[in-house]
1. Quick one: in the stretch 41-62, of everything that is hydrophobic (A, V, I, L, M, F, W, C) and either in contact with a Pro (Cβ under 8 Å, 6 or more places away or on another chain) or more than 24 Å from residue 114 (Cα to Cα) (or both), which residue is surrounded by the fewest Cβ atoms within 10 Å (Cβ to Cβ)?
2. If you scan the stretch 26-40, which residues turn out to be over 26 Å from residue 177 (Cα atoms) and either surrounded by 20 or more Cβ atoms within 10 Å (Cβ to Cβ) or at pLDDT below 95 (or both)?
3. Checking residue 102 against (1) farther than 17 Å from residue 180 by Cβ; (2) touching a Pro at 6+ places or on another chain (Cβ under 9 Å); (3) not small (Gly, Ala, Ser): exactly one of these is not met. Which one?
4. Of all residues in the stretch 141-161, which are free of Cβ contacts under 8 Å to residues at least 24 places away in the same chain, open to solvent by 60 Å² or more (accessible area, probe 1.4 Å) and part of a helix (DSSP H, G or I)?
5. Return a yes/no flag: does the stretch 15-32 have any residue that is over 22 Å from residue 127 (Cα atoms) and in a helix (DSSP H, G or I).
6. Determine which member of the set 88, 108, 71 is exposed (fewer than 13 other Cβ atoms within 10 Å of the Cβ) and either within 21 Å of residue 127 (Cα to Cα) or in contact with an Asp or Glu (Cβ under 8 Å, 6 or more places away or on another chain) (or both).
7. For residue 81, state whether it is farther than 22 Å from residue 181 by Cα, at pLDDT 95 or above and not in a loop (DSSP other than H, G, I, E, B).
Amino acid sequence: MNAPPARRTARDKIMDAAVATIRQKGYAATTVDDLCAAAGVTKGAFFHHFRSKDDLAVAVANYWSEMTGALFAAAPYHHHADPLDRVLGYIDFRKDILRGTVPEFTCLVGTMTQEAYDTHPAVRIACDRCISDHAAKIEADIAEAMRLYQLDADWTAASLALHTQAVLQGAFILAKAKGGPEVAAQSVDHLRRYVELLFGVKREKANV
């Protein structure tokens with residue numbers, strides 16, 4: 001007999017509401033009242049779990065990091081033996097998940113960073129940690145690919161890993177400006193071509 005699903009706490013509901021609402025409205029425009037209404041909880045419940053909206057933002061950045069970390073850890077590009085194929089597969093995966101409406105595929109921590117980097121330092125630090133931790137995972141594959149392909153470069157695996165995030169976050173901004181994913185997908189395609197040029201190879205998009 002299967003165990004019953006775990007009951008979602010008020011904190012869980014607030015965190016899920018924050019992910020959806022901030023991606024849709026932005027951090028500055030999202031109020032505690034908005035979050036309580038979306039989560040179906042009282043203000044008392046909100047302040048029982050979070051001291052302020054900034055306190056929630058730090059927590060939700062960590063929550064986002066855990067959720068997206070699990071998504072990328074389970075992605076099929078990890079199956080490739082060649083580290084460069086893993087890097088290109090990661091880029092292909094990022095393109096494949098550009099689905100749904102703009103708030104559904106854009107990055108929560110990227111959105112919060114754009115709005116809060118100068119005025120809310122704790123939020124900026126939490127968002128930076130999420131983005132940098134994610135970049136570090138692809139950095140390992142880039143570094144291995146550089147060794148395998150004996151690349152003598154004047155750039156580092158860390159700098160290229162962060163560049164992938166810069167392109168993706170910029171692509172999300174363009175998607176918001178244009179109102180759809182097409183321009184973001186084109187930017188990701190250009191990122192793939194750029195990585196191929198750096199390594200002097202041409203790869204077809206793999207099925208896995």
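1. 47
2. Listed by number, the residues that qualify are 36, 39.
3. Residue 102 satisfies all of (1) farther than 17 Å from residue 180 by Cβ; (2) touching a Pro at 6+ places or on another chain (Cβ under 9 Å); (3) not small (Gly, Ala, Ser) except (1).
4. Scanning the stretch 141-161 gives a single hit, 147.
5. no
6. None of the others qualify; the one that does is 71.
7. no
The values are calculated or read from the model by the stated rules, or taken from the named source; none is laboratory data. Just so it is clear, the structure is predicted and the values come from calculations on it, not from any experiment. Every residue, glycine among them, receives a Cβ derived from its backbone with ideal geometry; neighbour counts consider all protein chains shown. These accessible areas exclude ligands, DNA and RNA; they are computed on the full protein's heavy atoms, side chains included. Shrake-Rupley method; radii C 1.70, N 1.55, O 1.52, S 1.80 Å.
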